[in-house]
Every structure is written in structure tokens, then in C-alpha cells.
Amino acid sequence: MAKTVLVINSGSSSIKYQLVDLESGEGLASGLVEKIGEPIDGHYKHEYNGEKHELEEPIHDHEQGLKRVLGFFEEYGPKLSDAGIVAVGHRVVQGGSLFPKPALVNDKTINAVKDLAVLAPLHNGPEAKGAEVMRALLPDVPQIFVFDSSFFFQLPKAASTYALNKEIAEQYHIRRYGAHGTSHEFISSVVPEVIGKPAEGLKQIVLHIGNGASASAEISGKPVETSMGLTPLEGLVMGGRTGDIDPAVVFHLIRNAHMNVDELDALFNKRSGMMGMTGFGDLREVHRLVAEGNEDAKLALDVYVHRIVSYIGNYTYQMGGCDVITFTAGVGENDDIVRKMVCDKLAPFGVKLDEEKNAKRSKEPRVISTPDSSVIIAVIPTNEELAIARKSAAIAEAGEDTYGNKFAK
């Protein structure tokens, strides 16, 4: 009988889900719930066996949304009772210093995830709520929290520590936690097989570039650096986020633009980045503007690439070299223009891109550099759902997590 895990990613007004087959690694069914709690009709989409089922209705809260999702499985398939479901895995952005490993969902861990919302206010609350609801709806199935920050909990102290007043940093748990850790861990674990090199001693840089974007560096599969910090705001230029910026800009805007905390939060996280510079967070629209001769868009793309190359240079010297650079996520997997612009900047250091391989669209892991390139350049589709499913299944099979929490039906 097949074994599956239902992976849930709860946002403030949306829920993404996928039923993952543990043996094949494939998503058997997937879907999306949008516009939860909004005054307009919400939208459901459930895909299974090549068929798409959609529904629009007011969605008052996560409980209503998840009940409807379970109804879709029952009505349109596959029925969870027949699918061999062994666990429900919940993606959580911020585990802080409390959760270096995944954890079983119970009253204690739910409350801890809610408390950590101070470090990820847009994410942790809804993620805890989603787990709370699913625990009630499927009480006989183990529910597991899998934390995006766990992988980077292994960072060296020099990389995770801010040069902030020590007492303040300790009192308010301020350090570099990173994000997208599930993706970075998954990619860095499969790179050796894709490029045909042993993992031991391998120095790699992973570029997870989507609407949110982050870079990381790993040696022998262990993280030594990452671009996101206390929150996902730090680092690369993103769809709506500034990435790195002088923190004194905050003081300047408070004093001169009389902006408050909420206004600054929205400005830095939603109204900046590519959106703020061009009016579009989608790189495809930015490329269109560049092709039309728009100077703002050209500058924005140059800034975007400049920041990526800066991190590659930083990480290469931090590691004492680099064997492979991997592009992943929406932009990294699909945007050959950005990949070429980055690699062209690295050409003086012996990086050679195979133009034909780079231009080819594919969902398969592949190497796009030439055989004589000084650094291997790879494109590998990320699969956070599979990574979450595997971690969740391992805990479900063991019946307990590393914190001593046990699952009791």
C-alpha cells in the first residue's frame, strides 16, 4: 500500500497543500485556498489525476477552508482513507532557537509556534492555526511542524551573530535565523548526485530565487552562511522586499517622512524590491519593460543581479573556493536571462555557461555550464513539499520527536 503525507502551508489569507507519495516523491494531488477572511468570495483549486476542480465562495476562516479541502479529497480524490496517509506536515517559517528539528503538533508546540510569531508575524500565527485545525479534523493522523529556520540553526556563531548589544540581543532573541531552509537543505543534499561528485568537502552556493529570494553556502552539506537574517527581509533584492539596506534609512524616514512602524514594515516588505523600483514584482514583466527600453527596469535588473553576484563573491571567499552554484525556485529555475547575467559577471573567474543548455526550458535537474568551467553551474527544481513529507513521515514512524513529544491516538 502506498504511503503518503499531506503537506500544508498556511498563510494569513491562503492555504497551499499537496499530497506527496513517499515512494515516488511525486505530488499526487495539490491545491490552493485563497482570500480567506476577505469580504469578497474566496477561491479553491484542487488538482488530481489531470483534472482541476475550482470553487468560489466566501471563506470565513482557516477551519472552513481546510474542511472544504478534506471534502475535495473525499469527492474528487484521492480519498485520504485509501491513500495510505501517515502524517500531515506543516511548514512553519520560524522555529527560533526552540526548534532546531521538526516537532510533533500538540498544545505545547502550537503555543510555542504562536509565541514565535514575534519573529515572523505574517507567517507563524496562520501556520499554528492551520495545524490546530487539521489536528482536530484528522485526530488519528500524526501532525508535524517542519521549520524553515531549522537548517540554518547549524550556522557558525560568526555567521549567525549580529554585532548588536549583547544583552539586548539575548533578551529579545535577535540573531540570524535564515529562511527557505527546507529548500536549501533539499537542494544541497541532491547536488552531489546531479553533478556526480562526493558530498564530502563539496563547497556549494544555492540561490533560491523566487518572489522571495535567498542565498546560502554549504560545505559537505552543512550551512556556513545564508542571506536572510532575523526575518526574511535581509539579503537579496526580492519581489517586494528591499533586501539589504542601511538600517539608518528607518531613522531617516521616521524623522523626515514621519512614517510609523506599520508603514515602514509595509514599505520595506511589500512596496520595495522590484515592485518598488519598476511597479512589478514579477520578473517576466520587468524583462518586458527592459525590452521596451524602460531605464527604471534596466536599473532594477542590474541592482538585482549585482546583489546576487555580491553574495556569490562573499560566500566563495568565506568557503575558500566554490565547486558548484545552483539556481532554484521560480526565477532560478525558469529565468535564463537572470542566470546568464549572473554568469557573465563571473566569466572573468573562469565560469563558462553553455548558452544552449541555459536557454532550454526543462523541469529536470541539469548542469548548464561547459565541461571546462571553473565552477559547475546547475539548475535544480526545488521540492520543499517532498522534504517536509520525508521529515514528517520519519517522526510519524518513530512515534515521537527529538523533544520527547509522543503521538498518542
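Surface composition of the range 99-209: carbon plus sulfur atoms contribute 57% of the solvent-accessible area (1.4 Å probe, protein chains only, all chains present). PHE280 contributes an accessible area of around 70 Å² to the protein surface, as traced by a 1.4 Å probe with all chains present. For GluC sites (Glu not before Pro), the sites in the range 1-105 that DSSP calls loop and that have at most 15 other Cβ atoms within 10 Å are GLU23, GLU26. Per residue, the chain exposes an accessible area of 48 Å² to a 1.4 Å probe, with every protein chain left in place.
When the helices in the chain are scored as -39500 (n - 2.57) per DSSP H run of 4 or longer and the sum is shared across all residues, what 222 nm value do you end up with, to the nearest 500 deg cm²/dmol?
Values: 15 runs with 158 residues, N = 409.
Result for the chain: -11500 deg cm²/dmol, rounded to the nearest 500.
Between rounded, prolate and oblate, where does the range 13-55 land on the alpha carbon gyration tensor, with a ≥ b ≥ c its root eigenvalues, rounded for a/c under 1.5, else prolate if a/b exceeds b/c? Here the range 13-55 falls in the oblate category.
Overall, the chain carries a charge dipole of about 800 debye about its Cα centre when +1 sits on the Cβ of Lys and Arg and -1 on the Cβ of Asp and Glu, all other atoms neutral. Two decimals is fine: what's Rg over Rh for the range 180-277, C-alpha atoms, Kirkwood radius as Rh? Ratio of gyration radius to Kirkwood radius: 1.13.
Which order, highest average first, do 135-148, 289-302, 252-265, 322-335 follow once you tally other Cβ atoms within 10 Å for each residue and take the mean per peptide? Let's see the in-between values first.
Values: 135-148: 20.9, 289-302: 14.9, 252-265: 11.6, 322-335: 22.4.
So the order, starting with the most tightly packed, is 322-335, 135-148, 289-302, 252-265.
Taking 0.36 nm per residue of separation and subtracting the Cα-Cα distance, full extension of the segment from TYR172 to VAL261 would add 30.3 nm.
Alpha-carbon geometry of the chain: the Rg and the Dmax are 21.5, 65 Å, given in that order.
Excluding residues on the same chain fewer than 8 positions from LYS16, give the lysines whose Cα lies under 23 Å from its Cα. Partners found: LYS3, LYS35, LYS45, LYS52, LYS67, LYS79, LYS101, LYS114, LYS129, LYS270, LYS363, LYS391.
Please give the net charge around GLY96, taking every other residue with its beta carbon less than 10 angstrom from that of GLY96, where Lys and Arg add +1 and Asp and Glu add -1.
Numbers: positive: ARG175; negative: ASP115.
Combined, the nearby Lys, Arg, Asp and Glu give 0.
Between the range 354-409 and the range 215-294, the C-alpha centres lie 25 angstrom from each other.
The packing ranking of peptides 356-363, 371-378, highest mean first, is 371-378, 356-363, where packing means the average number of other beta carbon atoms within 10 angstrom of each residue. Sort the range 4-154 into rounded, prolate or oblate with this rule: let a ≥ b ≥ c be the square roots of the eigenvalues of the Cα gyration tensor; rounded if a/c is under 1.5, and if a/c is not under 1.5, prolate when a/b is larger than b/c, oblate otherwise. Oblate. Sequence-distant contacts, meaning Cα pairs under 8 Å at least 6 residues apart, place the relative contact order of the chain at 15 percent.
A simple charge model with +1 on the Cβ of Lys and Arg, -1 on the Cβ of Asp and Glu and nothing else charged puts the dipole of the range 4-154 at about 540 debye relative to its Cα centre.
Each other residue within a Cβ distance under 10 Å of LYS203 adds +1 if Lys or Arg and -1 if Asp or Glu, for a net charge of -2.
The values are calculated or read from the model by the stated rules, or taken from the named source; none is laboratory data. Because the structure is predicted, anything quoted here is derived from the model rather than measured. Cβ coordinates were reconstructed from backbone atoms using ideal geometry, including for glycine residues, and neighbour counts include every protein chain displayed. Surface areas here come from the heavy atoms of the whole protein model, side chains and all, with no ligands, DNA or RNA. Shrake-Rupley method; radii C 1.70, N 1.55, O 1.52, S 1.80 Å.
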